[in-house]
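The structure appears right after this line, and notes come after that.
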Amino acid sequence: MLLKLFVTAVVIGLVWLMVSRRRQESLASPSPELLTGQKLLRKYMLTIALGLVLVSGMAVGAWHWFSQQQVVLVTIQSPTEGAVREYQVRKADIDGNRITTVDGLQIRFSTEDRVTISSVEHR
């Protein structure tokens, strides 16, 4: 969560710098001058950096979402009953001592139950 706040602050700061530089440039020189080489690179470097930050943030967000949508096999073994139950659950739906299956069934288990999480493919 702190990383999201930091990235948001960086993006806001970069946009503010970009807008203020453009405002200063427009007030300083009424006639546009020809940009070559280094000047052109400096002018667009902030825009390129901002674009890279946005694209990398979107890529990390998409990877995290895709990872949380992966279906895993949750095996719960109760020590009192001795029965073994298996459920297919999305990673995002595993929360402490509660899971929600792909079918929508909500299951709570105790701290004494043995819980094993494995991928569905390796079964």
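A few points about this structure:
- Note on Cα extents along the principal axes in Å: of the candidates (1) 85, 59, 27; (2) 37, 29, 24; (3) 84, 26, 21, the value calculated from this structure sits at (3).
- Relative contact order for the chain, counting Cα pairs under 8 Å that sit 6 or more residues apart, in percent: 18
- When you restrict to C-alpha pairs under 8 Å that are six or more residues apart and normalise by the size of region 73-123, the relative contact order lands at 40 percent.
- Net charge of Cβ neighbours under 10 Å - reference Gln68; Lys, Arg +1; Asp, Glu -1: +1
- Computed helical MRE - 222 nm, the chain, DSSP H runs ≥ 4 contributing -39500 (n - 2.57), nearest 500: -17000 deg cm²/dmol
- Ordering Val11, Val89, Val55 by accessible surface, largest first, gives Val55, Val11, Val89; the 1.4 Å probe counts only protein heavy atoms, with every chain in place.
- Virtual paramagnetic centre 7 Å along Cα→Cβ of Arg21, amide N under 16 Å, in region 42-86: 42-54
- Available extension along the chain between Arg98 and Val7 is 29.6 nm, counting 0.36 nm per residue and deducting the alpha carbon span.
- Degrees between helix 2-28 axis and first principal axis of the chain (Cα, 0 to 90, nearest 10): 10
The values are calculated or read from the model by the stated rules, or taken from the named source; none is laboratory data. In this text, all values refer to a predicted model and were calculated from it rather than measured experimentally. Counting neighbours? That spans all protein chains shown, and the Cβs are built from the backbone with ideal geometry, glycine included. All accessible areas refer to the heavy atoms of the entire protein, side chains included, with ligands and DNA or RNA removed. Shrake-Rupley method; radii C 1.70, N 1.55, O 1.52, S 1.80 Å.
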